[in-house]
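The values are calculated or read from the model by the stated rules, or taken from the named source; none is laboratory data. Since the model is a prediction, treat every value here as computed from it, not as a measurement. Surface accessibility is based on the protein's heavy atoms, side chains included, excluding ligands, DNA and RNA. Shrake-Rupley method; radii C 1.70, N 1.55, O 1.52, S 1.80 Å.
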Amino acid sequence: MGRSRPSSTRGRRWNNGVLHRISKAIVQEAITHGCSHIAFEDLTDIRDRMSGAKKFHGWAFRQLYEHVEYKAAEFGIATTQVDPAYTSQRCSKCGTTLRENRTSQAAFCCQKCGYEVYADYNAAKNVARKLLRSGQKSPAGGATNQLALKSGTLNGNGDFTPALS
């Protein structure tokens, strides 16, 4: 009988495969929409900033970022990490930042304008806005980049244009 591999090795291979598929999909979406950058929250040292965080909390995110970074570079797409401060509490529609806007782990509801959306989607729009406002320019050196989302395009002024169906 052959020697069986430990389940931890099998689990690592499975996780790595999942992260490769996700990173490939992220880069493909950026290519499809003509993006020059892919933005991530900078979660470096997150375990040090979170009380009671376990060692495994940051590994998948860091590994996903590294996979996206090298795959995107092959297509001339830059990857950038931005400060995550308040991205989950800020309303991507009106800009109001309140802890109470994040009504649950999955839900976002602005206490000022009533905008309701999936919390991670709202945070992703805020991460994109931080990248756009950081002075990034298009490859041609012209106007600031726009962010392509599956549902439309967000520019540096926060103007959102829905995608054509």
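Structure above, values below:
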| item | result |
| --- | --- |
| Accessible heavy-atom area order of E41, E69, E100, highest first, probe of 1.4 Å | E100, E69, E41 |
| Accessible area per residue in Å² at 1.4 Å probe, computed on region 71-137 | 55 |
